[in-house]
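Notes to accompany the following structure.
The values are calculated or read from the model by the stated rules, or taken from the named source; none is laboratory data. Keep in mind that what you see is a predicted model, and the values were worked out from it rather than measured. Backbone-built Cβ (ideal geometry, glycine too); neighbour counts: all protein chains shown.
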Amino acid sequence: MKGKKGNGFLAEVHPVLPVWDVMEALQFYVEKLNFDIGFVDDEKNPRYAGVVRDGIELHLQWHDKSEWDNGMDRPLLRILTQKIKLLYEEYKYAGVFHEYTNLEETDWGTLEFSFYDPFKNALIFYHGL
């Protein structure tokens, strides 16, 4: 379904992921997942930052660690990919998978794999069959 002429246009979405340590999150996304740092609000003690890779931009926002103990809901991101088998191998060798991570065909017609970042934010990478 296309937007009606004269209406606003949605161009991109930049999800904000809660993290209790922005520096640790930056390290994970840059060193393990091959993102680049897009911006940080403070070089020494960042509380908000962005990482980019290809057409994806994610924002990382500091939250008090006690929120994790209170059962705060975590984001679950579905990221459409190309060359998913190569990405799966790249991340497999980066050591970011949990014991249940597999590249699997789904009943809804995708090939996908998933894992969590160190802050329990779910990342699902998928490609249509």
Checklist outcome for this item: The correct count of residues that are surrounded by fewer than 15 Cβ atoms within 10 Å (Cβ to Cβ) and either in contact with a Pro (Cβ under 7 Å, 6 or more places away or on another chain) or hydroxyl-bearing (Ser, Thr, Tyr) (or both) in segment 75-88 is 0
Next on the checklist: When the residues of segment 62-114 are narrowed to those that are among the hydrophobic types (A, V, I, L, M, F, W, C) and part of a loop (DSSP other than H, G, I, E, B), which ends up nearest to residue 34 (Cα to Cα)?
Outcome noted: 96
Next on the checklist: It is to be established whether one or more residues within segment 44-53 are more than 18 Å from the chain's Cα centre (by Cα), among the polar types (S, T, N, Q) and over 17 Å from residue 121 (Cα atoms).
Outcome noted: yes
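For (1) touching a residue at least 12 places away in the same chain (Cβ under 8 Å); (2) closer than 13 Å to residue 121 by Cα, each residue gets a yes or a no:
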site	(1), (2)
15	yes, yes
23	yes, no
27	no, no
39	no, no
Checklist entry - Would you pick out the residues in segment 25-61 that are part of a helix (DSSP H, G or I) and either at pLDDT below 90 or among the aliphatic types (A, V, I, L, M) (or both)? => result 25, 26, 30
